[in-house]
There are 2 protein chains.
Amino acid sequence: MSNRLTTSIQDLMLRRDYMGIKKLLEETHPSDIARVLKDLQPDTAGFVFRILPKDLAIDVFDFMNIDGKQMILHSLSSDMISTILNEMSQDDRTELFEELPAKVVKKYLSLLSEKERRVANMLLGYPEDSAGRLMTTAFVDLKEHQTVDEALAHVRATAPDKETIYHLYVISKYRKLMGGLSLRELILAPGSKSIHEIMNPGIKSVSTDTDQEDVARIFEDYDLMVLPVVDKEERLVGIITYDDVFDIVREEDTEDIHLMGGLGAPEETYFSLSIFEDVKRRGGWLALLILLESFSGNILEAYSSSLETVIALAFFIPMLIDTGGNAGTQSSTLITRGLATGEISRKHGKTIFFREMITGAVLGLGLGAFAYVRAYFMQRDPMIGFAVGISLFVVLMVANLVGALLPLLAVRIKYDPAVMAGPFLTTIVDVVGLIVYFEVAKAIMGLG
Amino acid sequence: MSNRLTTSIQDLMLRRDYMGIKKLLEETHPSDIARVLKDLQPDTAGFVFRILPKDLAIDVFDFMNIDGKQMILHSLSSDMISTILNEMSQDDRTELFEELPAKVVKKYLSLLSEKERRVANMLLGYPEDSAGRLMTTAFVDLKEHQTVDEALAHVRATAPDKETIYHLYVISKYRKLMGGLSLRELILAPGSKSIHEIMNPGIKSVSTDTDQEDVARIFEDYDLMVLPVVDKEERLVGIITYDDVFDIVREEDTEDIHLMGGLGAPEETYFSLSIFEDVKRRGGWLALLILLESFSGNILEAYSSSLETVIALAFFIPMLIDTGGNAGTQSSTLITRGLATGEISRKHGKTIFFREMITGAVLGLGLGAFAYVRAYFMQRDPMIGFAVGISLFVVLMVANLVGALLPLLAVRIKYDPAVMAGPFLTTIVDVVGLIVYFEVAKAIMGLG
């Protein structure tokens, strides 16, 4: 869909049929236009953006990602930049400013109206990843003593500038958050009732410095669409809407998946990183791991006389360490994901310990038996079979427990569990696996 | 928070202070009550649920997960079951019925009012994971010729039974979807205008058999709160609300993470599976992998004469295959996640191929050099150093490309890319890595 549109635009550009482009885009959804602009050359994209009617341009800008927004802003006149920055929603603007160099932010702030500049500066003043950074101040506030009719008139009068009018908040004389109600409740209530009578007191709120992960958890736990934000004096200062939270959940899932996959700094998407940056973040992590893993070489060297006596012991090393790694990855994946979705917390430590011990034992028995049979038929030597089978049993027990407990330990020392679920595990499993393997082999085969 | 509440309830139960329980729960958010019920013994949970006031009980039921809902229904009288099933939202009911045995569904259907039974049967008639299964028929529909005032009166009159009144849909005489508008737009329009004048024509919709992943993608691409569903004749038959989509995204992310972590059937959360089921799903996968990996033993056996001549070659096997596995996991993680979030599609194949070839070459040069130094200092033998370094370079190139291309291949053959990102990769990397390693060693060290 957006591919065909991109081609049409490029054709029309070549034919210099700018009216044709304008007409085509006016019939297209802003989200689709945003996707086309991303695929075009920056110069062309800037040109196409500038021929959009003003309202459509603002909608399209909304749908672009941060990189796209920066690209478009570069190609606009100060006047148009000013229009867009003043019109865009406050939370999106904060997100954009976070990514820009301080010099550019300073210039852009100067293009805002005095009122919007005050708001933008306030929002940027909150700590990174806090509720304050996510919120907008464009909410509808009602007073307790208002009647339903008065409140409805107030909603109508202020609606055009508000982020949402479906969730309304009631404040005291000193702007303290007293309660909330939905527009549906307001519409259904008799016109002469007071807001105090129909509002829901004791609604959920967060403070400006609440961490965004906690904000996301509260949205999920209470199935919210909007969450009010209060300052230290419990005064209502903003609201957070669900769409920002959806983005956070997606980002945090991507972060977890990247960390589990052994990618150091996980904040970027695939194409947003240059090859150089990509190599840097991956290479650093791989270098650390290869350094850790190279100790397995020293372990093998220490057992080289056993290896020389029974060279066949080497044949089963890859199977042993890979299977241990696989089992450990399974249990660490289960626990890390459970922690991320909130199903598992620190209090489950003991339950998980016993559960994974049993699981590890059963898996160890089954796969150990397979390994015994496999090794026996390959080498026709029951002793090698026993060494491989018993080691695999021990390795599975250890890998399973370490895989499950590392993420829990990470939470305890306030570290990201997803990092632990990654290839660190492999290194531990390798070292333990090789030592157990050769010690068992030495014991039952009488090696030196 | 919910922990303390659970303890209080258990205390009050022991003291048989049922009024105390009731009073405590009436001050508690339904979501928190739902969490407490999950932690209580089923009998106690059922008892506590039954003393809740009816409206609160319905809200609490909404917040429970499928397992909790089943547990609660088991403890209720037919009358109460009937009340809850008739009052709950249609989409949640479909989700619940999907999980119940056919016999129980039949019984529950008989407890529904005739109208609700017809709706429930219709929704269950759509294919699994389709838009039809996610939707509710409780939407507000307007007619084109209505005035704004008439429409507002219609909204007010029908509001109590609707899933949402903030998104309104306009239909023709034959129920064809003509357009939509928000309640905000309706409220702000002059009362005498016609709906036809203010509605937005050409809004996004899906058909009843659209796959739920495509539904989720459309919600994300167009930043939607609600999406209308039409039948083959383009008649409006239902709407899907964002909360169901949020759940799908979370589920699909969990599914991807579990598959990447080498867990076969990934639909369950940690505690929802019994140990037996857990062992079964993990064991099957591990058994398949150990079978595949055991071929690395045959490869090593084929090179046993080289190994016997230079036993030190064995020392670097774990480092070689683990580093290859790590690099492959990195690139497959990047691609799989990019596919899941929609950043990457099949058309990027060529770009990705060249990008990963360059990345693999740079990583291979750096880590290969490290491996050379490491091997040289351990064995003081430049030939072993070369064998290890060159093999690691080749292994990284191969692992990186295979890791990136397997998920893309999976998409092409309509298979889940997340499975490919898992330990299958390890096996391929092991086999390729060992063959390259010994062939290089044989060539440069002149082994037999």
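So the values come out like this:
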| quantity | calculated |
| --- | --- |
| Single unsatisfied condition, A:His145 versus (1) assigned to a helix (DSSP H, G or I); (2) surrounded by fewer than 12 Cβ atoms within 10 Å (Cβ to Cβ) | (1) |
| Flag for A:His145 being at negative phi and assigned by TED's automatic domain parsing to the domain that holds A:Thr44 | no |
| Qualifying positions in the stretch A:342-396 - of a type in the set (S, T, N, Q) and more than 24 Å from A:Leu408 (Cα to Cα) | A:Gln379, A:Ser391 |
| Residue under evaluation A:Arg50, criteria (1) at pLDDT below 90; (2) more than 25 Å from the chain's Cα centre (by Cα), criterion not met | (1) |
| Residue selected from the stretch B:209-225 under the condition more than 11 Å from chain A (Cβ to nearest Cβ) and outside any helix (DSSP H, G or I), by the criterion surrounded by the most Cβ atoms within 10 Å (Cβ to Cβ) | B:Thr210 |
| Check on A:Val206, surrounded by 19 or more Cβ atoms within 10 Å (Cβ to Cβ), of a type outside the set (Ser, Thr, Tyr) and more than 23 Å from A:Thr341 (Cα to Cα) | no |
| The stretch A:151-200, residues that are among the aromatic types (Phe, Trp, Tyr) and either buried (at least 16 other Cβ atoms within 10 Å of the Cβ) or in contact with a Ser or Thr (Cβ under 6 Å, 6 or more places away or on another chain) (or both) | A:Tyr166, A:Tyr169 |
| Filter result (away from every other protein chain (no Cβ under 14 Å), basic (Lys, Arg) and loosely packed, with under 15 Cβ neighbours inside 10 Å) within the stretch B:1-52 | B:Arg15, B:Arg16, B:Lys23, B:Arg50 |
| Search result, residues across the stretch B:226-244 that are at pLDDT 90 or above and either in a strand (DSSP E or B) or within 11 Å of chain A (Cβ to nearest Cβ) (or both) | B:Val226, B:Leu227, B:Pro228, B:Val229, B:Val230, B:Arg235, B:Leu236, B:Val237, B:Gly238, B:Ile239, B:Ile240, B:Thr241 |
| Subset of the stretch A:161-189 [more than 16 Å from B:Tyr166 (Cβ to Cβ) and not in a strand (DSSP E or B)] | A:Asp161, A:Ser172, A:Lys173, A:Tyr174, A:Arg175, A:Ala189 |
| Index of the failed condition, A:Thr164 passing every other in (1) among the β-branched types (Val, Ile, Thr); (2) without any contact (Cβ under 8 Å) to a residue 60 or more places away in the chain; (3) within 14 Å of chain B (Cβ to nearest Cβ) | (2) |
| Subset of the stretch A:245-257 [of a type in the set (Asp, Glu) and facing another protein chain (nearest Cβ under 9 Å)] | A:Asp253, A:Asp256 |
| The listed residue being under 24 Å from the mean Cα position of the chain (by Cα), under 30 Å from A:Ile165 (Cα atoms) and modelled with pLDDT under 95, out of B:Ser130, B:Ser89 | B:Ser89 |
| Filtered residue count, the stretch B:343-388, keeping only those that are facing chain A (nearest Cβ under 8 Å), under 14 Å from A:Arg282 (Cβ atoms) and under 31 Å from the mean Cα position of the chain (by Cα) | 2 |
| Total residues in the stretch A:166-185, condition touching a Leu at 6+ places or on another chain (Cβ under 6 Å) and within 25 Å of B:Met225 (Cβ to Cβ) | 6 |
| Where B:Ser391 falls short, out of the listed (1) over 38 Å from the mean Cα position of the chain (by Cα); (2) outside any helix (DSSP H, G or I) | (2) |
| Any hit, the stretch A:272-291, residues being part of a helix (DSSP H, G or I), under 26 Å from A:Met397 (Cα atoms), in contact with a Ser or Thr (Cβ under 9 Å, 6 or more places away or on another chain) and more than 7 Å from chain B (Cβ to nearest Cβ) | no |
| Some residue of the stretch B:22-32 being touching a helix residue (DSSP H, G or I) at 6+ places or on another chain (Cβ under 8 Å), of a type in the set (D, E, K, R) and assigned to a helix (DSSP H, G or I) | yes |
| Flag for A:Lys414 being surrounded by fewer than 24 Cβ atoms within 10 Å (Cβ to Cβ), more than 13 Å from chain B (Cβ to nearest Cβ), in a helix (DSSP H, G or I) and among the basic types (Lys, Arg) | no |
| Selected residue [farther than 23 Å from A:Lys176 by Cβ and out of contact with any Gly (no Cβ under 6 Å at 6 or more places or on another chain)] from A:Leu123, A:Leu112 | A:Leu112 |
| Search result, residues across the stretch A:303-340 that are surrounded by 17 or more Cβ atoms within 10 Å (Cβ to Cβ), more than 7 Å from chain B (Cβ to nearest Cβ) and polar (S, T, N, Q) | A:Ser306, A:Ser331, A:Ser332, A:Thr336 |
| Of residues in the stretch B:231-243 being under 13 Å from B:Ile218 (Cα atoms) and not aromatic (Phe, Trp, Tyr), the one surrounded by the fewest Cβ atoms within 10 Å (Cβ to Cβ) | B:Thr241 |
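The values are calculated or read from the model by the stated rules, or taken from the named source; none is laboratory data. The model shown is predicted, which means the values in this text are computed figures rather than measured ones. Here the Cβ is made from the backbone with ideal geometry for all residues, glycine too, and neighbour counts use every protein chain on show.
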